[in-house]
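Notes to accompany the following structure.
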Amino acid sequence: MSMIFGVPLAVLWGQLLIGIINGAFYALLSLGLAVIFGLLKIINFAHGAMYMLGAMCTVLLFDYLGINYWVALFLAPVLVGLVGVVIEYFLLRRIAGQDHIYSLLLTFGVALMLQGVLTNFFGVSGLRYSMPDTFQGGMNLGFMFLPYYRAWVIVVALLVCFGTWFMIEKTKLGSYLRAGTEDAQLMQGFGINVPLLVSLTYGFGVMLAAFAGVLAAPIYSVTPVMGSHILIVVFAVVVIGGMGSIGGAIITGVLMGVVEGLTKTFYPPASSAVIFLVMVVVLLIRPTGLFGKEA
Amino acid sequence: MTQPVNQAEIHQAILEQQKADDRKRLMANGVLLLLLLVAPFLMYPVFLMKILCFALFAVAFNLLFGFTGLLSFGHAAFLAAGGYTTGYLLSNMPGLTTEVGILAGTLVATLLGLAFALISIRRQGIYFAMVTLALAQLVFFFFVQSEFTGGEDGMHGIPRGELFGLISLDNNLNMYYFVLTVFIACYFLVQRVVGSPFGQVLKAIKQNEPRAVSLGYKVDRYKVLAFVISAALAGLAGSMKSVVFQLASLNDAHWHMSGEVILMTLVGGMGTLLGPVVGATFVVNVEYQLSQGPLRDWVDPILGGVFVLTVLAFRSGIVGEIQKFMKKNLG
């Protein structure tokens, strides 16, 4: 078997694949954060909890209502998105205009509540969700074995990322969003319903997180606490990439997944820490982040 | 039309108001001190010490959050760094007296705080919070994987030892008065810091950083120093906690703990001196009462609810709201 730096090539490819998949999740999540941050100027600390809700929702829809993966792929994000709209309407809206730190703390409280309540009902040991039959097995690429589901995750996650980027940068709706970031009051003056736009934006950002949750359900262990760790990693990704650009959030997400995968191959003990170390280095060399514009 | 007024008279009035305020504060502090001195005869001393350690932790955090306007989401790292260092030294170096162990723990937390500060002040606002959270997670992983911390099991049976090699701290009363002394000293230290010209600059940074910069203050240096003092006191709290409970565990390093200290400060009243103390007392008591009753599994969601409620309804916290009420009704 061919080796590279003392590591079998197959292992390297395998870890690289896992890295790209993790990266796809980081990209989806940091994209959602960036969308919400763009218009609402808040860091959604409940983003990890929304990702978790998406995954839990998928499992519960199947267990109790027999709803399959394909329906859940649409239904779960919509349901969780509605939860998001409710949170925005009843909680976040009340502290709009206050220091942004308060919205961070508010969403942190919401995350604690969601995570705590679900832990009481389902424990932390993890629910089982079986892979849809369509995705059983995989294909041999010659240099490595690629399970179908993993290929699907990468493709669909990147498609959604690209779609979001396209919508925000190239469509009319996106131009409203970007205008709202610049000057919400003026937008209101032009007759655009800004509060509605804000609710929908929050709901959409949350939907992206929930969508990532559905994708995660068949391959990661689904627990009420699954969102909290990945959220901290995604925060680091966001700091590395800067939230100035949507494209930047996507690229940084995938890149960091790959970096993590490579570290797992060559020096496993550092794999859970490497993204944070990259963050430190980036902060020291380029404090605004790789794609950031703001100070 | 404003009435012509004598500058000297106004000055005199302000001075007298200040004197009256000082007297009131002195009396309040005196009553509190008396209560704290007799408390161990009325309540379980270990529980009181737990409150004091968390109160110190919250006071330290508040110096940064309440007075400088920097939200650190990584203060658990300092609590744990202090606790683990002290625990390790006291467990493995039999000749070491307790106060040296605690000082060493504080020192390690201080240095860690310096490193955190130098990295995190490069970003502002919510980014600052995210960076500190990520750095604390890095420290958490270090503690998980290190041999000396005992990993998931934590450190147990840390000897309390003897203070200055003379006073046995195995006696809960001795331990209590030691913790109380340290707490009071730190409380007054923070009071001095906040009242000093240095503290005034911190407040200026909180209110309007660009203006502080334009006035010629080297804002970054002030921020770093505030961060380091805060980290040192948080480390001291952690060191004492590990001696009191004779254990140090990963719980102290978890992001959950960073959230808890924010909650304590917020509930008590950020930016007030007494607020974090009240908040810590409140949170520790609520946790204890809940853990005894039928709601013992609901501690987390309830604390989350308190968080949401505080942010929505009373951002000034218990002490802040009382101050507002007094100002409104009692002049």
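Observations on the structure shown:
- For segment B:127-140, the Karplus equation 6.51 cos²θ - 1.76 cosθ + 1.60, evaluated at θ = phi - 60°, returns couplings of 4, 4, 4, 5, 5, 5, 4, 5, 4, 5, 5, 4, 4, 4 Hz by residue, with Gly and Pro reported as x.
- For chain B, the number of Lys pairs separated by eight or more positions or lying on different chains, with C-alpha atoms closer than 17 Å, is 8.
- A straight Cα-to-Cα reach below 23 Å connects A:LYS172 with the lysines A:LYS41, residues fewer than 8 places away in its own chain not being considered.
- Crossing angle, helix B:299-313 versus chain B [Cα axis fit, 0-90 degrees, rounded to tens]: 10 degrees
- GNM top mover of A:TYR51, A:TYR202, A:TYR149 - chain A, alpha-carbon springs below 10 Å: A:TYR149
- Computed from point charges on the beta carbon alone (+1 for Lys and Arg, -1 for Asp and Glu), the dipole magnitude for segment A:3-285 about its Cα centre is near 60 Debye.
- Nearest 10 degrees, 0 to 90: helix B:172-195 Cα axis against chain B principal axis: 30 degrees
- Normalised per residue, the volume of the convex hull around the Cα set of chain B (Å³): 171 Å³
- Cα long-axis angle, helix A:9-40 against chain A (0 to 90 degrees, to the nearest 10): 0 degrees
- Residues whose amide H lies under 5 Å from that of B:PHE148, counting only those 5 or more places away or on a different chain, are absent; hydrogens are built 1.01 Å from N in the peptide plane.
- Value of D in µm² per second that Stokes-Einstein yields for the protein assembly as shown, Kirkwood Rh from Cα pairs, at 10 °C (1.306 mPa s): 61 µm²/s
- For chain B: relative contact order, % (alpha-carbon pairs under 8 angstrom, 6 or more apart): 30 percent
- Between segment A:121-156 and segment B:263-331, the Cα center-to-center distance that results, in Å: 45 Å
- Here's how it looks for A:ILE43: its modeled amide H is under 5 Å from those of A:LEU104, which are all 5 or more places away or on a different chain.
- Long-range HN-HN contacts of A:VAL222 with modeled amide H, under 5 Å: A:LEU127
None of the figures in this text is laboratory data; all of them are computed from the coordinates on show. Just so we're clear, the structure is a prediction, and the values are computed from it rather than from any experiment. A quick note on method: Cβ atoms are made from the backbone with ideal geometry, for glycine too, and the neighbour counts reach across all protein chains shown.
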